[in-house]
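Below is one structure, written out as structure tokens; comments come after it.
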Amino acid sequence: MDCTNIIGEKIKSLRSTQEISIQELAERAGLTVEQVSRIEENIDIPSLAPLIKIARVLGVRLGTFLDDQPNETGPVICRKGEADDTIGFSNNATQARQHMHYHSLARSKADRHMDPFIIDIEADSEKDFFLSGHEGEEFIMVLKGELEISYGKSTYRLKEGDTIYYDSIVPHHVHAAEGQAAQILAVVYTPA
């Protein structure tokens, strides 16, 4: 099941409930009104960075947009095959090109600060991408294929089994190396 089409509806609903105008949300999140409008209408599928900024403005965790499961206060177990629902994100909201498919591993955990995912990254020869940053930290382990991470002015190449941990406030971009498909385990931490 692709859950992408519910993200915009959740943002719009939260914004309306909190009586925040689209202009105010855009300004406080550092986005344009057009970007927020296109996200709310599910025209553009944003990357994680704008979603994290919107979540901060609305006072919710990132997972609020990504899942709609009952709250669980104890440990959450995700059995093999249970993370089949996907959320697709683009790496450039102006083109709405989905190149990453996220499988949430903790969607029913209430009040979490970390969001663990298995992410399938499509083969893509596109070299025109934008670096973006957001509050928090990220941990990535390459499960299949090779990964390239542009981080600030540096580029890192990771092979199967390699890991990277970085401050996500530094503008960055994650993509499969040389147009190959890849799969990663990623844990995104966003401070409360």
May I ask you to compute the full-extension gain from LYS159 to ARG79, defined as 0.36 nm times their residue separation minus their alpha-carbon distance, rounded to one decimal in nm?
-> 26.2 nm
3J(HN,Hα) from dihedral phi, the range 22-39, Karplus parametrisation 6.51/-1.76/1.60, rounded to Hz, x for glycine, proline = 5, 5, 5, 4, 4, 4, 5, 8, x, 10, 8, 4, 4, 4, 5, 4, 5, 5
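Of the heavy-atom accessible surface of the range 97-173 (probe 1.4 angstrom), what whole percent is carbon and sulfur? Numbers along the way, then the final one.
Details: 2120 of 4000 Å².
Using a 1.4 Å probe with all protein chains present, the range 97-173 comes out at 53 percent carbon and sulfur.
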In whole Hz, the Karplus estimates of ³J(HN,Hα) for the range 133-147 (6.51, -1.76, 1.60; θ = phi - 60°; x where Gly or Pro) are x, 7, 4, x, 9, 9, 10, 10, 10, 7, 8, 9, x, 10, 10
Heavy atoms of THR163 accessible to a 1.4 Å probe, total area in Å² rounded to 10 = 80 Å²
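Could you give the accessible area per residue of the range 112-192, probe 1.4 Å, as a whole number in Å²? Spell out each step's value before the answer.
Values: 4160 Å² over 81 residues.
Result: 51 Å² of accessible area for each residue.
The values are calculated or read from the model by the stated rules, or taken from the named source; none is laboratory data. The shown structure was predicted, so the numbers you read here are calculated from the model rather than taken from an experiment. Accessible surface is based on the protein model in full, side chains and every heavy atom, while ligands, DNA and RNA are left aside. Shrake-Rupley method; radii C 1.70, N 1.55, O 1.52, S 1.80 Å.
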